[in-house]
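Remarks on the structure that follows.
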Amino acid sequence: MKTLLFAMLFIAAPVFAGESDTASLEVLRQAAEQGNTDAQYELGILYEFGYHFPDHKAAAYAWYSRAAEHGSALAAKRRDVLKAELSAADMERSQALLKSPPAVSAPSSAAPASVPTR
């Protein structure tokens, strides 16, 4: 009986963790869209290394650029390193993403009432 219970928990745990990850990513995205420099940098990292994001290098460059514009030296360094790796097409996509303002979503019940910005 204990073995069966353990096996069920072992199988179900990643499902519940995935729901938590999705909610956390949404809160992070909302903070980044509202201009939070740290959130923009973190999204850049997640996009750069492909965490739950397909076709991610151009978006990573765009988020790093936004964070760098707000004064993040770390984001500026990552942006510059990534720029050397991007193709011309990826740079065009990055520039298009930068020209369009991030879509600010309405805060959900899971998001904090106010998100500090820099």
Between Glu92 and Leu25, the two model label points (7 Å from Cα along the beta-carbon direction) sit apart by a distance in nm of 2.7 nm
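Just need the relative contact order of the range 21-81 here, percent rounded to a whole number, with Cα pairs under 8 Å and 6+ apart.
26 percent
Each reported figure results from applying straightforward, stated rules to the coordinates on display, with no laboratory input. Only a predicted model underlies this, so the values are computations on that prediction, with no experimental measurement involved. Counting neighbours? That spans all protein chains shown, and the Cβs are built from the backbone with ideal geometry, glycine included.
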